[in-house]
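The values are calculated or read from the model by the stated rules, or taken from the named source; none is laboratory data. The structure presented is a predicted model; accordingly, all values stated were derived computationally and were not measured. Cβ placement follows ideal geometry from the backbone for every residue including glycine, while neighbour counts extend to all protein chains displayed.
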Amino acid sequence: MNHPLTADDIQRIVTERIQETESLDFKRQLPDSGKNDDLAKAIAALANTAGGVLIYGIAEDADSRAEALAPVELRGCTERIALVAGTLDEPVKPTSIYTVQQAPGYGYVVVDIPLSNRAPHFHNGVAYGRTPKTTTTLSRRQIGELFARSEGFIDEFRLRLMKPGRLLVRGARDGKNTRVRFTNDGESDITDVDWTNYKDCGLGITIITGWPFPVAVLRPGQEVSQHVDVFLGAGPFSVRAFWRDSASQEHTEEWRVTF
């Protein structure tokens, strides 16, 4: 939420008969102590859908519209909610849990659930989600879709597919200078870059500056160059390049280079 709710905000929700949505859930009361299933389901459902706000102390009608204020006892409720959120299979950490007092010891509890990058979250082996009006169990397909777009799990289990590092070699002329340019055209580092001019029509490429290879690691998208001397107009030259990818696999590729 952009700002904490006040007692006036909560009164306005009831006065205007605001309806629940996928990201807004009203509850008349907290479950009895020790009976946390409904609390866990509500937290998991919001985290699995789009994040949102859970408010305890608002009764809703059959159409899921706010109908009446129903202040709850506030003692110990924030600690309890945080504890339950942490017991989910893939714990949820609410952005905030706070109370809005209506009378001494009574009022409303607001739980702000962030959009999760580690969904799906399960309670007792079941994943829940929000529809515009209610909490529901997720299908196997919906659970699979959550796993597929879960950045947290992709990073944790190294599921992200990257284009391997690959060396590109080309010749370039910079005024009177000639250079051999090397670029990493992949999405991972490459190391141990080396090259040789192995077919040159009898004329070689002489390195003037930049030897040995200027960098130990060539990062994705990075380009380096070596200043070379060639016979004007000679070529194209055949260059054989060598490098090692991030998995320590060795690669060799041949390039036709002109200046």
Given the conditions (1) at pLDDT 75 or above; (2) in contact with a Gly (Cβ under 9 Å, 6 or more places away or on another chain), and given that Pro212 satisfies all but one, which numbered condition is not satisfied?
(2)
Can you say whether Thr183 is at pLDDT 90 or above and not assigned by TED's automatic domain parsing to the domain that holds Ser64, as far as the supplied structure shows?
yes
Checking the condition surrounded by 13 or more Cβ atoms within 10 Å (Cβ to Cβ) and modelled with pLDDT under 95, which residue from Pro31, Pro71, Pro4 passes?
Pro31
Boolean, Ala82 is under 24 Å from Arg141 (Cβ atoms) and outside any loop (DSSP other than H, G, I, E, B):
no
Say whether the condition of being in a helix (DSSP H, G or I), farther than 23 Å from Arg149 by Cα and not β-branched (Val, Ile, Thr) is met by at least one residue in region 46-67.
no
Could we say that Ala42 is among the small types (Gly, Ala, Ser), under 30 Å from Ser150 (Cα atoms), in a helix (DSSP H, G or I) and within 21 Å of the chain's Cα centre (by Cα) here?
no
In region 148-177, residues that are at pLDDT 80 or above and either among the hydrophobic types (A, V, I, L, M, F, W, C) or in contact with a Cys (Cβ under 9 Å, 6 or more places away or on another chain) (or both) total 4
Residues (crowded, with 17+ Cβ neighbours inside 10 Å and modelled with pLDDT of 95 or more) located in region 105-120
Gly107, Tyr108, Val109, Val110, Val111, Asp112, Ile113
